[in-house]
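J.: Let me give you the structure first, and then I'll get to my questions.
The values are calculated or read from the model by the stated rules, or taken from the named source; none is laboratory data. Bear in mind the structure is a predicted one, so any value in this text is a computation, not a measurement. Every residue, glycine among them, receives a Cβ derived from its backbone with ideal geometry; neighbour counts consider all protein chains shown. Only protein heavy atoms, including side chains, enter the accessible area calculation; ligands, DNA and RNA are left aside. Shrake-Rupley method; radii C 1.70, N 1.55, O 1.52, S 1.80 Å.
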Amino acid sequence: MSQNVEQLLAASGGPVEMLRHSQAGPNVYPGVQPEYTNWRDEQWAWQNTAILFNQSYHMADLLVEGPDALKLLSYLGINSMKGFSVNKAKQFVPCNYDGYVIGDVILFYLAENKFNLVGRAPVLEWVTFHAETGNYDVKVTLDQRWALRTDGKRLNYRFQVQGPNAFKVMDKAMGGNVPDLKFFNMADVQIAGKTVGALRHGMAGQPGYELYGPWEDYQAVHSALVEAGKEFGMRLSGGRAYSSNTLESAWIPSPLPAVYSGEKMKSYREWLDLNSYEAKASLGGSFYSDNIEDYYLTPWDLGYGPFVKFDHDFIGREALEKMAAEGPSRKKVTLVLNEEDLENKVFASYLQKDGLPAKFMEFPSSVYSMHPFDRVMKDGKKVGVSTWIGYSSNERKFLTLAILDNAFAEPGTEVTFVWGEEDGGSRKPTVEPHKQVELRAMVAAAPYAEVARTLYADSWRTKA
């Protein structure tokens, strides 16, 4: 009987077969309502007034502390740690030995020798593995996400206030004294008589703050923010709207962790148990390859090229130096799906009793697996993959986040997006019998939202 991921892969016929037919659907957002007003109104709020995202439930935290904490993180991340100091944060990106991304999280520099990693499990597991098996004087403490807990509480809450009125909401909640922080800098503030950590951040393409503190202060701080936001039209984000915000800001939340192959990664796969993220992940979409490495992504694919710094030794450095010398061959873009094709090939099929319909497109997020990969074609040849799909009520468009060969990544290029899985669909419970359809799509900039391309994105790209 399998006891770790390496054994599970052997028993399942390899990683692609295991992941394509995994029973896991898309990531869920527990602890919050699906909608507080409605998802259209909530999408509108993050671009026009303000939105309160509650991230206290779906992400995990990993506290890393000790004399070797920075040394460990520097060895695992492509990011430079020069100039990194207390009360700063950065998007932390580790790769495997071949230079492919394992994931990305936000790294908080809390105090001397004390860091917190916040995000999805693959990076936290990778850091924990090296902390436990490497020669590092560090201690790690996992604050597990809500769905995997039984005690009904976390160590910390985490909120984000975003949108054009975010600073006004913060000013009222704090009674003035909002700190003038640079992007990805932190400070302690006071809300409802509680000390709250504040990170100058952005989400959905708008400026704002990420706020965190002890779980016992959750209700007091949350209530104060809700009350302060009433005057400025702030909405609460439900789970349905939350999963679609990335379509406008162009952050790809779902790189498949590049851990399923390679002899150097074998000891890690043997360390990962059957409750790990990698054991339960799922692949979906029209792109299919029996080689799992065809699903791996580089930092440049994801727009993280500026983060790659060769001023330190780290896992994957040699491979990334070769990639850097050759130059990136692909680029992250937004695809805008053609309205006529959506109407005639997708939505009309749901109203016809004869024949199979197209794969159902949920609103606002149409993602139905943990790691979606759909084919993007030009003149019958594959030119890239799409990794996220959904509807933006703000833009009145169905958008996807895609990674295309450079020759086809110019805005205005028409390509073909293939929607639905092969042979009527895989055995995932989120997949009903359906037919594949080809939809015209127009290449556009990533981020797609204008404000995200200017104010937010320019600041974000400078943070390595």
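J.: One residue is enough: does the stretch 272-291 have a residue meeting the conditions under 17 Å from Arg375 (Cβ atoms) and without any contact (Cβ under 8 Å) to a residue 24 or more places away in the chain?
T.: No, there is no match, as no residue in the stretch 272-291 is under 17 Å from Arg375 (Cβ atoms) and without any contact (Cβ under 8 Å) to a residue 24 or more places away in the chain.
J.: I need a count of the residues in the stretch 27-61 that are in a helix (DSSP H, G or I) and open to solvent by less than 50 Å² (accessible area, probe 1.4 Å).
T.: Here the count works out to 7.
J.: Quick check: anything in the stretch 282-301 within 30 Å of Val178 (Cβ to Cβ) and at pLDDT 95 or above?
T.: The answer is no, given that none of the residues of the stretch 282-301 is within 30 Å of Val178 (Cβ to Cβ) and at pLDDT 95 or above.
J.: Another question, then. Tell me, which residue of the stretch 206-248 that is more than 19 Å from Tyr391 (Cα to Cα), open to solvent by less than 10 Å² (accessible area, probe 1.4 Å) and among the small types (Gly, Ala, Ser) is farthest from the chain's Cα centre (by Cα)?
T.: It comes out as Ala228.
J.: Consider only pairs whose beta carbons are under 7 Å apart and that are at least six residues apart or on different chains; among these, list those whose first residue lies in the stretch 128-142 and is within 16 Å of Asn113 (Cα to Cα) and whose second residue is of a type in the set (D, E, K, R).
T.: Qualifying pairs under 7 Å: Tyr136/Asp68; Tyr136/Lys71; Asp137/Asp68; Val138/Glu65; Val138/Asp68; Lys139/Glu65.
J.: Tally up the residues in the stretch 340-358 that are open to solvent by less than 80 Å² (accessible area, probe 1.4 Å) and modelled with pLDDT of 95 or more, please.
T.: 9
J.: Within the stretch 256-271, work out how many residues are touching a residue at least 40 places away in the same chain (Cβ under 8 Å), of a type outside the set (Gly, Ala, Ser) and assigned to a helix (DSSP H, G or I).
T.: 7
J.: Something else: Could you list all residues from the stretch 151-186 that are touching an Asp or Glu at 6+ places or on another chain (Cβ under 6 Å), closer than 26 Å to Pro30 by Cβ and either free of Cβ contacts under 8 Å to residues at least 24 places away in the same chain or open to solvent by 30 Å² or more (accessible area, probe 1.4 Å) (or both)?
T.: Leu155
J.: Still on this structure: Could you list, in sequence order, the residues of the stretch 398-447 that are open to solvent by 10 Å² or more (accessible area, probe 1.4 Å), polar (S, T, N, Q) and either free of Cβ contacts under 8 Å to residues at least 24 places away in the same chain or touching a Ser or Thr at 6+ places or on another chain (Cβ under 9 Å) (or both)?
T.: Asn406, Ser426, Thr430, Gln436 - these are the residues of the stretch 398-447 that are open to solvent by 10 Å² or more (accessible area, probe 1.4 Å), polar (S, T, N, Q) and either free of Cβ contacts under 8 Å to residues at least 24 places away in the same chain or touching a Ser or Thr at 6+ places or on another chain (Cβ under 9 Å) (or both).
J.: Return the total of residues in the stretch 366-382 being open to solvent by 20 Å² or more (accessible area, probe 1.4 Å) and not in a loop (DSSP other than H, G, I, E, B).
T.: Residues that pass the stated criteria total 5.
J.: Is it true that some residue in the stretch 288-308 is more than 27 Å from Val383 (Cβ to Cβ) and either open to solvent by 40 Å² or more (accessible area, probe 1.4 Å) or in a loop (DSSP other than H, G, I, E, B) (or both)?
T.: Looking for residues that are more than 27 Å from Val383 (Cβ to Cβ) and either open to solvent by 40 Å² or more (accessible area, probe 1.4 Å) or in a loop (DSSP other than H, G, I, E, B) (or both), one finds none in the stretch 288-308, hence no.
J.: Do we find that Lys194 is surrounded by fewer than 17 Cβ atoms within 10 Å (Cβ to Cβ), of a type in the set (Lys, Arg) and closer than 16 Å to Leu225 by Cα in this structure?
T.: Against the criterion (surrounded by fewer than 17 Cβ atoms within 10 Å (Cβ to Cβ), of a type in the set (Lys, Arg) and closer than 16 Å to Leu225 by Cα), Lys194 qualifies.
J.: Identify the single condition in (1) more than 17 Å from Met186 (Cβ to Cβ); (2) at pLDDT 95 or above that Ser85 does not satisfy, given that it satisfies every other one.
T.: Of everything listed in (1) more than 17 Å from Met186 (Cβ to Cβ); (2) at pLDDT 95 or above, Ser85 misses just condition (1).
J.: Sticking with this structure for a sec: Out of all the residues in the stretch 336-361, which are in a loop (DSSP other than H, G, I, E, B) and at negative phi?
T.: Asn338, Gln352, Lys353, Asp354, Leu356, Pro357, Lys359, Phe360, Met361
J.: If I ask for residues that are under 20 Å from Pro299 (Cα atoms) and more than 17 Å from the chain's Cα centre (by Cα), which ones from the stretch 104-118 would you list?
T.: Listed by number, the list is empty, since nothing qualifies.
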